[in-house]
1. Do we have any residue at all in region 50-57 that's surrounded by 15 or more Cβ atoms within 10 Å (Cβ to Cβ), more than 30 Å from LEU134 (Cβ to Cβ) and free of Cβ contacts under 8 Å to residues at least 12 places away in the same chain?
2. Looking only at region 46-90, count how many residues are assigned to a helix (DSSP H, G or I), under 17 Å from ALA111 (Cβ atoms) and charged (D, E, K, R).
3. Show me the helices (runs of 4 or more DSSP H) entirely contained within region 105-187 in which 1 or more residues are under 13 Å from the mean Cα position of the chain (by Cα) and surrounded by 18 or more Cβ atoms within 10 Å (Cβ to Cβ).
4. Which residue is modelled with the lowest pLDDT, if the candidates are limited to region 1-24 and must be touching a helix residue (DSSP H, G or I) at 6+ places or on another chain (Cβ under 9 Å) and either of a type in the set (S, T, N, Q) or farther than 22 Å from LYS110 by Cα (or both)?
5. For region 46-64, give me the residue count where each residue is in contact with a Leu (Cβ under 8 Å, 6 or more places away or on another chain) and closer than 24 Å to GLN119 by Cβ.
6. Of all residues in region 1-45, how many are part of a helix (DSSP H, G or I) and more than 20 Å from ALA117 (Cβ to Cβ)?
7. Hey, can you tell me all the residues within region 119-142 that are polar (S, T, N, Q) and in contact (Cβ under 8 Å) with a residue 12 or more places away in the chain?
8. Looking only at region 86-114, filter to residues that are of a type in the set (Phe, Trp, Tyr) and modelled with pLDDT of 90 or more; which one of those is nearest to LYS124 (Cα to Cα)?
Amino acid sequence: MPRTGLTPDEIKEKAIDATIVRMRNDGFDKVRLVDIAKDLNLSHAALYAHFKDKTALLDAVSERWLLQIDESLEAICRKEKDPIDKIVLWMLTLHRAKIAKVQNDPELYKAFDISTAVQKPFSKKHMETMHSQLVELVNEALSKRRLKNADSENIAKVLHAAMLAFHHPKLVSQYINEKREPLLRQVLDSVLVGLNLKA
């Protein structure tokens, strides 16, 4: 155990916390492992034992945020609501999470955008998790006769593709000054009608 008395997991979490603070104050380009180590009262080498380089540390920041999104979307899947209402809320929640991050944490969002552009393992896992959640919601719609004779895997892919303009990192940034929720609802409603999810 390190001199600080922290466990390895605690060191990782505190390093992420410290990195977020520095990203917000100085920008992600200026984050250095040596500075994070100083913030935690650790040696540079001690921090390298947990993060091989700056990129790994920035990735950990993005991964934490994606896991938080996954959890908020999973909570929607667990709600006792009409499955169609849950699909709409799921899409709105994802869109709002991206918008909030661009507006409130632009430096963190830039780092996230870079990491997703090269398809890091944690971002791929996030995509897989979202797909599984959508499949679950579509299957629920099937079980409640809100959908007839459809392939839930394919429907989930269609829903995700149709909504890509509202949660793709670059497109969210591009339209950040526009209030796009009404358009999101219109597009989603049209897709749901087309998929016979609404009677």
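1. no
2. 4
3. Here the list reads 106-117, 121-143, 169-174.
4. If we take residues in region 1-24 being touching a helix residue (DSSP H, G or I) at 6+ places or on another chain (Cβ under 9 Å) and either of a type in the set (S, T, N, Q) or farther than 22 Å from LYS110 by Cα (or both), then MET1 is modelled with the lowest pLDDT.
5. The total comes to 6.
6. Qualifying residue count for the region: 27.
7. Passing the criteria: SER123, THR129, GLN133, ASN139.
8. Among those residues, the one meeting the criterion is TYR109.
The values are calculated or read from the model by the stated rules, or taken from the named source; none is laboratory data. Please read these numbers as outputs of a predicted model, since none were measured by experiment. Glycine gets a Cβ as well: all are built from the backbone with ideal geometry, and neighbour counts include every protein chain shown.
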